[in-house]
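K.L.:
Just passing along the structure, written as structure tokens.
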Amino acid sequence: MHQVSAYLETKQQILDPRQTESQIFRRVTEQLRQAAENERRDELFHRAVLDNRRLWSVVASDVSDPSNLMPDELKSNLLSLAIWVEREASAAHSGEADIRAMVEINEAIIAGLNERP
């Protein structure tokens, strides 16, 4: 019986959606951080901004789905952030914005995802 409960606990840890989301945000945020430190608008920079933009596009799609059970206020806040990221990413691609603000937003999301409900 102990092995079964250990398996189920491990399975839950592996498949925990919050942890998966946190890992994705961490990877994208690390790309952004490296691009910000590089201080060049090279391929690494544009790839990091694009990947972050894609991530937030998925977030926007997810929170807009009527079957999403998150509280409405949280969905609204995440959608507002996704819209902001889209604008900020466009500005960053054209050299009009610093990507460090996107790093900070992502870090706040990571912290929230790592909190236990």
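The values are calculated or read from the model by the stated rules, or taken from the named source; none is laboratory data. Remember, it's a predicted structure, so these values are computed and weren't measured experimentally. Ligands, DNA and RNA are excluded from the accessible area calculation, which covers all protein heavy atoms including side chains. Shrake-Rupley method; radii C 1.70, N 1.55, O 1.52, S 1.80 Å.
K.L.:
Could you please state how large a percent of the accessible area of the chain is carbon and sulfur, counting protein chains only and using a 1.4 Å probe?
P.N.:
Values: 4300 of 7840 Å².
Its accessible area is 55 percent carbon and sulfur atoms.
K.L.:
Right, something else. With the other protein chains left in place, how much accessible area per residue, in square angstrom, belongs to the chain at a 1.4 angstrom probe? Could the numbers behind the result be given before it?
P.N.:
Values: 7840 Å² over 117 residues.
Each residue of the chain exposes 67 Å² on average to a 1.4 Å probe.
K.L.:
At a threshold of 8 angstrom on Cα-Cα distance, excluding pairs fewer than six apart, so keeping six or more, what relative contact order does the chain reach in percent?
P.N.:
On the way: 82 pairs, mean separation 40.4, N = 117.
Taking the mean separation of contacting Cα pairs over the length of the chain, I get 34 percent.
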